[in-house]
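Heads up: the structure comes next, in structure tokens.
The values are calculated or read from the model by the stated rules, or taken from the named source; none is laboratory data. The model shown is predicted, which means the values in this text are computed figures rather than measured ones. So basically every Cβ, Gly included, is an ideal-geometry build from the backbone, and we count neighbours across all protein chains shown. Just so you know, the surface numbers come from the protein's heavy atoms only, side chains and all, with ligands and any DNA or RNA stripped out. Shrake-Rupley method; radii C 1.70, N 1.55, O 1.52, S 1.80 Å.
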Amino acid sequence: MRKLTGFIMALITIGLILTGCGNAEQEQSNKDDQSTEKDSVNIGMLKLTSSAPLFIALEKGLFEEENIKAEATWFEAAQPIAVATAGGSVDVGATGITASIYNMVAGGQQLWIVADKGREEEGYSSTALMVANDSDITKVEELKGKRVGITQTGSTFHYMAGRVLENHGLTLDDIELVPLNSIPGLMDSLKGKQVDAVLLNEPNISIAVEEGYGKVITQVGEEIDYQTSAIFYSPKFAENRDLAVRFMSAYEKAVKYYHDAVLIKENGELVKGENYDEVINIIAKYTDQEPALIEKGLPYIEPKGRLLEEDIQTQIDWYAEKKLIENKIDSSEIVNTEFLEEALKK
């Protein structure tokens, strides 16, 4: 009897030990599942070539490497992206920097400009001032009294037109500025000679030249250094510093991948990098355009994703002088490069 009792007790003890091990394994499994659960990030953007680093990060799993589940929300225009970012409808916005964004911040809304997403840079075709192919106009000074087409009042095109004119001793008061609402509207107006000149971006510059109805007077990148578009953080997203820095880590890797593939120069000429075809095809996939069209215009983005910080204040001052923003703000109220710099240190 004593032997039987001892045997039963031994079985109970073993059972308790095995149960404990099972519980411990389950607890560890739960912990592992929690540790691998990805942080969701919603990115608001347009299907533009300047969003290439984001396309690359999505396509090549760079966000996943930072334990981020990134999803794109597609927009049809720039301003709604800024509004959605400031309101927290999206965590990250990728769009152009316009007067309306500065007005939002001046009015009490908050969002942060955190990294480069495209700029006008000497030696790279991005945006140009164009006239009809048979126009007698050959230089900026000859635009005095002429009709110049832009997209919208307060847009990046408005700013570029004003700054280029000023470089040549003119002001916006010396021309008739014609808002045409869209890029196709600009192209049609140039082709139909409804205006004397327009601002156009790539690949539309190349299309107008190749189709024989437009010629370039000057490249904006030859005239000014200009931060045209950026990555924005919503206030709530910026508060989660660890996640905000991890997002920048993925973005910075993608920027370098893009730069090394399509923006490298040798002896002053662009050369195809090792991953050129791959990057072109990724951009084509996300923008729903043919690769040959993508190759006509690849915007410059700083290799580490750094902003032209001083240019943000230059823009604010210019818009304020032209009464396009109601209350002048300091760039420190909208620019925060700490997330990128911390990511670069990792």
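Please report how far the C-alpha centroid of the range 195-255 lies from that of the range 53-102, rounded to the nearest whole angstrom.
Going from one Cα centre to the other spans 14 Å.
So what J values fall out for the range 315-324 if you push phi through Karplus, 6.51 cos²θ - 1.76 cosθ + 1.60 with θ = phi - 60°, rounded to Hz, Gly and Pro as x?
Values, residue by residue: 4, 4, 4, 5, 4, 5, 4, 8, 6, 8 Hz.
At a 1.4 Å probe radius, carbon and sulfur cover how many percent of the accessible area of the chain?
Details: 7920 of 16560 Å².
Carbon-and-sulfur percentage of accessible area, whole number: 48.
According to a simple spin-label model (label point 7 Å from Cα along Cα-to-Cβ), what is the distance in nm between ILE183 and GLU278?
2.6 nm
Round to the nearest 0.05 the FRET efficiency obtained for ALA77 and ILE207 when R0 = 22 Å and r is the Cβ-Cβ distance. Mind dumping the intermediate values first?
On the way: r = 21 Å, r/R0 = 0.97.
FRET efficiency, ALA77 to ILE207: 0.55.
Given the -39500 (n - 2.57) contribution per DSSP H run of 4+ residues, what per-residue ellipticity at 222 nm results for the chain, rounded to the nearest 500 deg cm²/dmol? Intermediate results must be reported in sequence, preceding the final value.
On the way: 15 runs with 161 residues, N = 346.
Helices in the chain give a 222 nm mean residue ellipticity of -14000 deg cm²/dmol.
For the range 37-183, what does the accessible surface come to per residue with a 1.4 Å probe? Please give it in Å². List each step's numbers first, then the result.
On the way: 5680 Å² over 147 residues.
Per-residue accessible area for the range 37-183 comes out at 39 Å².
Separation between the ASN327 and SER89 pseudo-spin-labels, each 7 Å from Cα along Cα→Cβ, expressed in nm?
The answer from the label model is 2.4 nm.
Under 9 Å from the Cβ of ASP311, count the other residues' Cβ atoms, weight Lys and Arg +1, Asp and Glu -1, and hand me the total. Could the numbers behind the result be given before it?
On the way: positive: ARG119; negative: ASP225, GLU309, GLU310.
Residues close to ASP311 contribute a combined charge of -2.
Could you work out how far apart the two model spin labels at LEU270 and GLU342 are, taking each label as a point 7 Å from the Cα in the direction of the beta carbon, and quote it in nm?
Placing both labels 7 Å beyond Cα along the Cβ direction yields 3.5 nm.
Per residue, how much accessible area does the range 187-304 show when a 1.4 Å probe rolls over the protein heavy atoms, in square angstrom?
43 Å²
Going highest first, how would you order 325-332, 162-169 by mean Cβ packing within 10 Å? Each step should come with its number before you reach the end.
Values: 325-332: 14.8, 162-169: 17.6.
Final packing ranking: 162-169, 325-332.
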